[in-house]
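A short reminder: the numbers here are calculations on the coordinates, not readings from a lab. Predicted, not measured: the structure shown is a model, and the values here were computed from it. Cβ atoms come from the backbone with ideal geometry, glycine included; neighbour counts cover every protein chain shown.
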Amino acid sequence: MSQFLKAIGLFAAAFVSSVAVLSLAAISDPLPPDTTYRPLPTRPFSAVKADDEAQKQQVMQRQASLLNRRYDMSDRPIAGVMMSGGRKAVPGGVRVKLQSGTTWENLAEMSPDEIRQRSLLPEGFLPLPHVKQATGGQVIPDRQIDDIRRQEARDLRRFDVNFDLPDHLTPEFPPPIFLTTQPHLGDVSRGQLLTIKNFYEVMNGIITPVQMEGLRLLLTPFPQEEFNQTEDRKVAEQSTGITCLDCHANFHTNAAFHLTPDVRPQAARFRLDSTSLRGVFNQQIHGSKRSLRSIEDFTEFEQRTAYFNGDHVSATRKGVHLPDRTNQVAMMAQMQNIIDFPPAPKLDAFGRLDRARATEQELAGEQVFFGKGRCNECHVAQTSFMDNNMHDLKLERFYQVGHTFNDFVTLPDGPIKTFTLRGIKDSPPYLHDGRLMTLADTVEFFNLVLGLRLTQPEKEALVAYMLAL
Amino acid sequence: MRSLAQGLAVATLFASPAFAQIGNPAGTEPDTRQSAPGIPAPHQTNAQDQLFAQQAVIGGMAEVALGKLADRKAHNRAVAEFAGVMIQDHGKANEKLASLAGSARIPLPNEPDAEHKAVHARLERLSGAQFDVAYLEAQVQDHQKTAQLLQWEINSGQDAQLQRFASETLPIVLRHLRMAQDLASQIAGQTPRELAPATTGMGHQDQPRRTR
C-alpha cells in the first residue's frame with residue numbers, strides 16, 4: 001500500500017510536469033476492442049464445454065433464485081380462459097412480488113422519487129436478466145427442442161444453460177396459425193409444429209408457390225453464434241444451425257429469448273422475448289429498438305448479423321446466409337405478411353367491443369382503456385392496438401440505475417416500440433424482455449409508471465378487456 | 001455530500017444477494033487455476049482483468065488530481081463541491097482497486113496517460129466560468145468512458161473480486177455522471193435531464209432536483 005501511495009504522488013507529479021499541448025482527439029484511447037466486438041475463445045472447445053457443464057447447475061440455481069425472489073412462479077391459470085388454440089390456459093394473477101411493507105395501493109400513492117430513494121420498486125418491474133448474461137445468446141424452450149429433435153434430428157439443446165421459465169408461463173405449443181388469405185379455414189396448423197420436414201404436406205393447397213418458397217427458407221437452418229460448426233458454439237455437436245421459426249414457432253412465439261443486438265457492452269445488453277409475427281402486416285416499425293422499416297429489411301438483417309447479435313463480423317466467420325433480396329427475401333416477407341391475429345369475435349371493424357357480445361366487465365375495461373387509463377393513446381384500437389411508435393416510459397424514475405443482477409447491469413430501457421395488444425392473452429411473458437408474467441402484472445406496471453391510480457375493480461376490468469382482444 | 005461508503009450502503013440494499021459472477025469460460029485464461037470445476041480460484045486474472053485494473057486506476061487517479069485542481073480553481077461553488085465528492089469517492093475506490101490489483105499481482109501504472117495529461121494541461125490554462133464548463137465537460141466524458149469500462153469488466157473479467165468491485169462502483173460512477181451532467185445544464189440554464197416528465201405527461205409531480 002505504501003508503494004501505492006508513492007505511486008499516487010508520482011502520478012500527481014506527472015500531471016504538474018506535463019506541459020504538452022496536444023489535440024485531445026489525437027491521443028484519446030478507445031475502450032478495449034472487445035467492448036464492442038465479440039472476442040474469440042481463448043481455449044479449446046472441449047475445455048470450454050467441460051467448464052460450461054460444470055457451471056450449469058449453479059447458473060440455473062442462480063436464475064431460479066432471482067425469478068422466485070421477483071415473482072410468484074406457480075401454476076395458477078385464469079379459470080375458464082384458454083389461449084386461442086384451446087390448448088393452454090392463460091396464466092392469471094399478479095405475479096410480481098412487492099417489497100416488504102408496501103401494497104399496490106400505497107405504492108401508487110408515492111412519488112417516483114420516494115420509491116427510488118427508499119428502494120421500494122418491486123424488483124420484478126426491473127429489466128429481466130438473461131440466464132447467463134456473460135455468454136448470452138439464443139435459449140430455446142424444451143418443447144421446441146424436443147419437437148425439433150423428433151422431427152429433424154437437429155439438436156437445439158445448449159450445454160451451458162437451459163430455458164428458465166416454467167412451461168405454464170409461456171405460450172401454448174404448438175400455437176395455431178391463422179392466415180389473412182384463408183380466414184374461413186381458421187387454424188391451419190393441424191396441431192403440428194411447422195418444420196422443414198412437414199411444411200409442404202401441411203401447407204400445400206393453402207398457400208401460393210411464392211409463399212411456399214418463403215416458408216421453406218424460414219424453416220431452413222443456418223449457422224450462427226451459438227449453433228454452428230466452430231469452437232465458438234454452445235451445442236455439443238457441430239450444428240447445422242437454427243431457423244427463423246425455431247423461435248417464432250408457427251409464426252407466433254414460444255418465448256425463446258436472446259440478448260438485444262442493439263447495445264454494448266455485453267453486461268448492458270437486455271433480454272429479448274421473441275415477438276409474435278401475427279399481424280406483422282400492419283406494423284410499420286420492427287424490433288423493440290432497431291425500428292427497421294420493413295419486414296424485408298428485418299428478415300435480411302436477422303440472418304446477416306447472426307440473428308440478434310448485431311455482429312456481422314462474427315457472423316461472417318461462422319457462415320452467413322445472404323438471401324437474395326428479390327428472389328428470397330421478398331418471398332420470406334410475403335409469407336410472414338399473411339399471418340393473421342387470432343380471431344377476436346367481440347371486436348368490430350374499429351377495434352371496439354360489440355356491445356351485444358361483450359360482458360359488463362369487458363365493457364367497463366374498455367372504458368378504462370379509453371378513459372382514465374389512457375391506454376389507447378399508444379395502443380390505438382383502430383390500428384391493431386399500437387401506434388407504430390416508440391415510447392420512453394422512463395421507468396428509471398423509480399429505481400437507482402447501474403446495479404448488477406446476475407451479471408446484468410440494469411440501465412434505463414429508453415424508447416421501446418409499442419407492441420400490439422391483439423391476441424395478447426396468447427403471448428406471455430410480457431414486455432420486450434418478458435419481465436412480466438401475466439396481464440394483471442402489466443396493469444400494475446402501467447398503473448404505476450403512468451401514475452393512473454386505478455381502483456381494484458378498474459384493474460380487473462382492464463384484464464378482462466385485454467383477454468377479449 | 002454523499003461519500004463512497006454511503007453510496008455503497010445504498011447499493012447493497014438493492015443488489016442481488018450472495019451469488020457469484022459466472023463468466024463465459026470461452027474467455028478464461030488457459031493457465032487459470034480453478035477452485036472448483038468451472039470456477040477460477042481467487043485472484044486468477046485474465047487479460048481483461050489486467051487491462052481493466054490498469055485503465056481504471058489511471059482514470060481514478062486522474063479524477064482525484066483533476067478534483068484537486070477544480071477544488072482550487074472552480075468558479076461556481078457547486079462545482080467545487082462536486083470536485084470534493086470526486087476526490088473523496090475516487091480516492092477510496094482507488095485504494096480498494098490498488099489492494100485488489102496487488103492481491104492479483106497486476107502491475108499498475110504510476111503515471112497518467114497522454115489523454116489525461118492533455119486534459120490537465122488544458123484545464124490549468126483556463127479560469128473562471130470557462131474552467132467550470134471545461135472541467136465538467138471532461139468529467140462527463142471521463143465518467144461515460146468509465147461506466148462502459150466497468151460494464152466491460154463485469155462480463156469479461158474472471159477475477160470475482162475485481163468484477164464485484166466493478167459492479168459496486170458502477171452505480172456510483174453513473175451517479176457522478178448525472179451530477180456532472182446536471183451541473184453542466186444548470187450552468188447553461190437548462191432543465192436537468194433526469195426528472196423531465198414522462199412522454200405521456202401523466203401522473204406525478206416531480207420535486208425540483210436537489211444539488212448534491
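Note on A:Ser28 and B:Gln54: their simple-model spin labels are 2.2 nm apart, each label 7 Å out from Cα toward Cβ.
Model label sites at A:Ser291 and A:Ala79, defined 7 Å from Cα along the beta-carbon direction, differ in position by 4.7 nm.
The Cβ shell under 12 Å around A:Arg87 holds other residues with a net charge of -2, Lys and Arg each +1, Asp and Glu each -1. Charged side chains reduced to their Cβ positions (Lys and Arg at +1, Asp and Glu at -1) give the protein assembly as shown a dipole of some 700 debye around its Cα centre. Loop-located trypsin sites (Lys or Arg not before Pro) across segment A:103-150 with a Cβ neighbour count of 13 or fewer within 10 Å are A:Arg118, with loop assigned by DSSP. With R₀ set to 35 Å, the beta-carbon distance separating A:Gln58 from A:Thr220 gives a calculated FRET efficiency near 0.45. Taking the Cα centroid of segment A:338-381 and of segment A:410-469, what is the distance between the two, rounded to the nearest whole Å? One Cα centre to the other: 15 Å. In angstrom, the C-alpha Rg and Dmax of segment A:135-336 are 16.1, 49.
Each Cα pair under 8 Å and six or more residues apart adds its sequence gap; the mean of these over the residue count of segment B:61-151 is a relative contact order of 35 percent.
Close amide H pairs (under 5 Å, H built 1.01 Å from N) link A:Leu272 with A:His258, A:Leu259, A:Thr260, residues at least 5 positions away or on another chain. Positive contributions from Lys and Arg (+1) and negative ones from Asp and Glu (-1), summed over other residues with Cβ under 11 Å from the Cβ of A:Gly287, come out at +1.
With the simple spin-label model, which puts each label point 7 Å out from Cα in the Cβ direction, the A:Ala47 to A:Asp354 separation comes to 6.7 nm.
Shape analysis of segment B:46-195 yields a ratio of the Cα radius of gyration to the Kirkwood radius, Rg/Rh, of 0.99. Applying the Karplus relation 6.51 cos²θ - 1.76 cosθ + 1.60 with θ = phi - 60° to segment A:273-288 yields 3J(HN,Hα) values of 8, 4, 8, 6, 9, 5, x, 5, 4, 9, 9, 9, 10, 10, x, 5 Hz, where x marks Gly and Pro.
Per-residue ellipticity at 222 nm, computed for chain A from helices alone with -39500 (n - 2.57) per DSSP H run of at least four residues, works out to -9000 deg cm²/dmol. Based on every Cα atom in chain A, Rg and the maximum pairwise Cα distance Dmax equal 24.1, 85 Å.
So what's the gap between the Cα centers of segment A:64-93 and segment A:211-276, to the nearest angstrom? Their Cα centres are 25 Å away from one another.
Summing +1 for each Lys or Arg and -1 for each Asp or Glu among the other residues whose beta-carbon sits under 15 angstrom from that of B:His116 gives -4.
Largest first and in whole Å, the equivalent-ellipsoid semi-axes of segment A:348-469 read 28, 15, 13, each the square root of five times a Cα gyration tensor eigenvalue.
Could you sort out which of A:Lys88/A:Lys132; A:Lys394/B:Lys68; A:Lys97/A:Lys132; A:Lys132/A:Lys289; A:Lys132/A:Lys459 sit more than 25 Å apart by Cα distance in this structure? Beyond 25 Å between Cα atoms: A:Lys88/A:Lys132; A:Lys394/B:Lys68; A:Lys132/A:Lys459.
Once the Cβ-Cβ distance of B:Gln141 and B:Arg72 is raised to the sixth power relative to R0 = 25 Å, the FRET efficiency obtained is 0.75. Taking other C-beta atoms within 10 angstrom as a stand-in for reagent exposure, A:Asp34, A:Asp348 fall in the order A:Asp348, A:Asp34, fewest first.
Express in % the proportion of alpha carbon pairs of segment A:88-168 at distances exceeding 20 Å. Counting every Cα pair in segment A:88-168, those more than 20 Å apart make up 57 percent. Counting only Cα atoms, segment A:82-240 measures 60, 49, 24 Å along its principal axes, largest extent leading.
Applied to segment A:169-180, the Karplus parametrisation 6.51 cos²θ - 1.76 cosθ + 1.60 on θ = phi - 60° returns per-residue 3J(HN,Hα) values of 9, 10, x, 5, 9, x, x, x, 10, 10, 10, 5 Hz, with x for Gly and Pro.
Over chain A, Cα pairs under 8 Å with separation of 6+ residues give a relative contact order of 19 percent.
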